[in-house]
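Here's the structure we're looking at; comments come further down.
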Amino acid sequence: MAWFKRSPWILHYNATSCNGCDTEVIVSLTPLYDLERFGIINTGNPKHADILAVTGSVNEKSVQVLKNLYDQMPNPKVIVAVGLCAISGCVFQDCYNVMGGVDKVLPVDVYVPGCAARPEAIIDGVIMACEILEKKYREQKKRRG
Amino acid sequence: MARKTIIPFGPQHPVLPEPIHFDLVMEDETVVDAVPSISYVHRGLERLIEKRDFVDFVHVADRICGLCSFMHSMGYCQAVEEIMGIEVPERALYLRTIWAELSRVHSHIFWLGVAADAFGFESLFMQSMRLREAVLDVFEATTGARVILGVCKVGGVRRDIDTDTLHGIVDRLPTLKANLEEISAVFINDYSIQHRLIGVGYISKEDAYTLGCVGPMARASGLAMDMRFLGYAAYKYLDVEPIVESTGDCYARCLVRIREIFHSIDLIHQAAEKIPEGPFDLKVKGAPNGEFFSRIEQPRGEVIHYVKGNGSRFLQRFRVRVPTFSNIPAMIKALKGSGIADVPNIILTLDPCISCTER
């Protein structure tokens, strides 16, 4: 865990999720699974967040909200797509109001599979996101000299 | 008169697990009007019934909502079974009842947690989420999944719960009950919680009736409305009693849900005692031809599933009317005149389930 230098905060947004993955994101942050032991907490403010956890695929209306949230987050930032809907649309991919996975509109770094994604998988995804975040910090530092 | 200002609330907000947007028209600290706007999570899954086989569609119905997932598949299956005239085996009906009541327990515990978070009682939120895991463990042991169960099917259920497992579930319930009594005592007796909830978001019995409230919202205002009295699934063999409070404020809604958790645990005990031996599913032949409204009681209130078929494998129409949708007018009424600090409490005590509402 040498790379684990900071405690990133999570911003969670439900794009068109069915609540299944949302509750699992909350569960992974609360006592039994406890992501908070790494100092990772759920924040409601995009300006404090480092990791954006998106559940559910994107639809016509949530796309603008999602883009706003992404733009308001400070650099560097990592996007985690939680659940099958966020990856490809799951059973809803034929619906008229579903545009598909989150990667259609935002650059996704980590994909967490599952319908609903299990808390263990979410924790794994977030820890992977920490690693990517650290890499992005290094690249940013190199760019700035 | 003070100048009116508009404060946007949502779609992304710390107390809201799901996106809904309100324009709160404010005069100083008081809300004079609230304009809701929805469709942030609209997927259009009702149209999907034209593209999916009616047997496969149970999996889509399961995914209408993650918190009351089992109830939606049960409602859909009931409607299809009623059209096709299928006699579901008794054991399947009991199993459905047990899973439905467990869903109610975990949904209400989740609500207690989120509500505690809304009025700023974080440790209570954490404790509630910890207790909820006991129910999810039962789901995982009996169905293999934690939230989206996928265990209901047209003509019965996909899996049986054997007698030993059933005894194991029943043996766990007293521990869960004792733990719940501990945290519910905090909800009921804590001074600061009472201060935040008593008298807030009042809805009278007449308003609850005329605005069409359902579920705990209606029962907290003194209307004894509970679809479980219709006797669907195995409820006709169990002693279901309405949980009614009369004060109609946020505190009463909280009390109704806490008492319902204990009542659901009691119903699971009863069902586990009375469950008969026998088959748990039925082979389904043919396709539905006709239409039916199925009404069941979700954790949030009455849900209606309307299904219409024309004798082919692909149904023509599927429609869901969910409890949150019926409760929104009452919530708008309660929001008017409340203080800005009470807005999260009033919205949360409705127990909004936006993904059900917008589908």
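Within the stretch B:115-141, residues that are within 17 Å of B:His13 (Cα to Cα) and touching a residue at least 60 places away in the same chain (Cβ under 8 Å) reach partners that are polar (S, T, N, Q) and in a helix (DSSP H, G or I) with beta carbons closer than 6 Å, at six or more positions or on different chains, in the pairs B:Ala118/B:Asn345; B:Phe119/B:Asn345. Among the residues making up the stretch B:135-144, those that are out of contact with any helix residue (DSSP H, G or I) (no Cβ under 6 Å at 6 or more places or on another chain) and under 20 Å from B:Ala233 (Cβ atoms) are B:Phe139, B:Thr142, B:Thr143.
Yes/no per residue for (1) at pLDDT 85 or above; (2) touching a His at 6+ places or on another chain (Cβ under 9 Å); (3) of a type outside the set (A, V, I, L, M, F, W, C); (4) within 30 Å of B:Leu315 (Cα to Cα):
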| position | (1), (2), (3), (4) |
| --- | --- |
| B:Leu16 | no, no, no, no |
| B:Pro19 | no, yes, yes, no |
| B:Val25 | yes, no, no, no |
| B:Asp28 | no, no, yes, no |
| B:Val31 | yes, no, no, no |
| B:Ser39 | no, no, yes, yes |
| B:Gly44 | no, no, yes, yes |
| B:Ile49 | yes, no, no, yes |
| B:Asp53 | yes, no, yes, yes |
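Scanning the stretch B:40-50 for residues that are facing chain A (nearest Cβ under 10 Å) and crowded, with 18+ Cβ neighbours inside 10 Å turns up B:Tyr40, B:Val41, B:His42, B:Arg43, B:Leu45, B:Leu48. Taking the conditions exactly as written (over 18 Å from B:Pro352 (Cβ atoms), touching a residue at least 12 places away in the same chain (Cβ under 8 Å) and in contact with a helix residue (DSSP H, G or I) (Cβ under 7 Å, 6 or more places away or on another chain)), does B:Ile49 satisfy them or not? For B:Ile49, the condition - over 18 Å from B:Pro352 (Cβ atoms), touching a residue at least 12 places away in the same chain (Cβ under 8 Å) and in contact with a helix residue (DSSP H, G or I) (Cβ under 7 Å, 6 or more places away or on another chain) - is met. Residues in the stretch B:3-39 that are farther than 21 Å from B:Phe325 by Cα and of a type in the set (A, V, I, L, M, F, W, C) were compared, and the one that is surrounded by the most Cβ atoms within 10 Å (Cβ to Cβ) is B:Val31. Of everything in the stretch A:98-129 that's farther than 29 Å from B:Asp137 by Cα, assigned to a helix (DSSP H, G or I) and within 12 Å of the chain's Cα centre (by Cα), which residue is farthest from the other protein chains (Cβ to nearest Cβ)? My answer is A:Asp103. Given the condition among the acidic types (Asp, Glu) and within 13 Å of the chain's Cα centre (by Cα), answer yes or no: does some residue in the stretch A:54-69 qualify? Within the stretch A:54-69, none of the residues are among the acidic types (Asp, Glu) and within 13 Å of the chain's Cα centre (by Cα). Taken over the stretch A:57-75, residues that are more than 10 Å from chain B (Cβ to nearest Cβ), buried (at least 16 other Cβ atoms within 10 Å of the Cβ) and in a loop (DSSP other than H, G, I, E, B) amount to 1.
Take B:Leu335 and decide whether it is in contact with a Leu (Cβ under 8 Å, 6 or more places away or on another chain), of a type in the set (A, V, I, L, M, F, W, C), within 16 Å of B:His21 (Cα to Cα) and in contact (Cβ under 8 Å) with a residue 24 or more places away in the chain. Yes. Can you pull out the residues in the stretch B:302-330 that are closer than 13 Å to B:Gly75 by Cα and under 12 Å from the mean Cα position of the chain (by Cα)? Within the stretch B:302-330, B:Glu302, B:Val303, B:Val322 meet the criteria. In the stretch B:316-359, the residue that is surrounded by the most Cβ atoms within 10 Å (Cβ to Cβ) out of those that are part of a loop (DSSP other than H, G, I, E, B) and among the hydrophobic types (A, V, I, L, M, F, W, C) is B:Cys353. Within the stretch B:73-85, the residues that satisfy the criterion of being surrounded by 24 or more Cβ atoms within 10 Å (Cβ to Cβ) and closer than 12 Å to B:Gly290 by Cβ are B:Ala79, B:Val80.
Is one or more of the residues making up the stretch B:205-212 part of a loop (DSSP other than H, G, I, E, B) and either in contact with a Cys (Cβ under 7 Å, 6 or more places away or on another chain) or at positive phi (or both)?
Yes, that holds for at least one residue.
As a summary of the residue check, B:Gly150 satisfies the conditions (1) surrounded by fewer than 21 Cβ atoms within 10 Å (Cβ to Cβ); (2) more than 14 Å from chain A (Cβ to nearest Cβ) except for the one numbered (2).
Residues in the stretch A:85-112 that are over 20 Å from A:Leu11 (Cβ atoms) and at pLDDT 90 or above: there are none. When the stretch B:51-72 is filtered for residues that are surrounded by fewer than 22 Cβ atoms within 10 Å (Cβ to Cβ) and either more than 10 Å from chain A (Cβ to nearest Cβ) or small (Gly, Ala, Ser) (or both), the ones remaining, listed by number, are B:Asp53, B:Val55.
Taking the criterion of being of a type outside the set (A, V, I, L, M) and within 14 Å of another protein chain (Cβ to nearest Cβ), the residues of the stretch B:324-359 that qualify are B:Thr324, B:Pro344, B:Asp351, B:Pro352, B:Cys353, B:Ser355, B:Cys356, B:Thr357, B:Glu358, B:Arg359.
Looking at this structure, is A:Val54 under 25 Å from A:Glu120 (Cα atoms), touching a helix residue (DSSP H, G or I) at 6+ places or on another chain (Cβ under 8 Å), part of a helix (DSSP H, G or I) and within 14 Å of chain B (Cβ to nearest Cβ)?
No.
For a quick check of your reading of the model, give me the residue pairs whose first member lies in the stretch B:216-229 and is in contact (Cβ under 8 Å) with a residue 24 or more places away in the chain and on the phi < 0 side of the Ramachandran plot, whose second is surrounded by 22 or more Cβ atoms within 10 Å (Cβ to Cβ) and among the polar types (S, T, N, Q), with beta-carbon atoms closer than 7 Å and at least 6 apart or on different chains. Short answer, once both residue conditions are applied: B:Met217/B:Asn327.
The values are calculated or read from the model by the stated rules, or taken from the named source; none is laboratory data. Nothing here was measured: the structure is a model prediction, and the numbers come from that model. We place every Cβ from the backbone using ideal geometry, glycine too, and count neighbours over all the protein chains shown.
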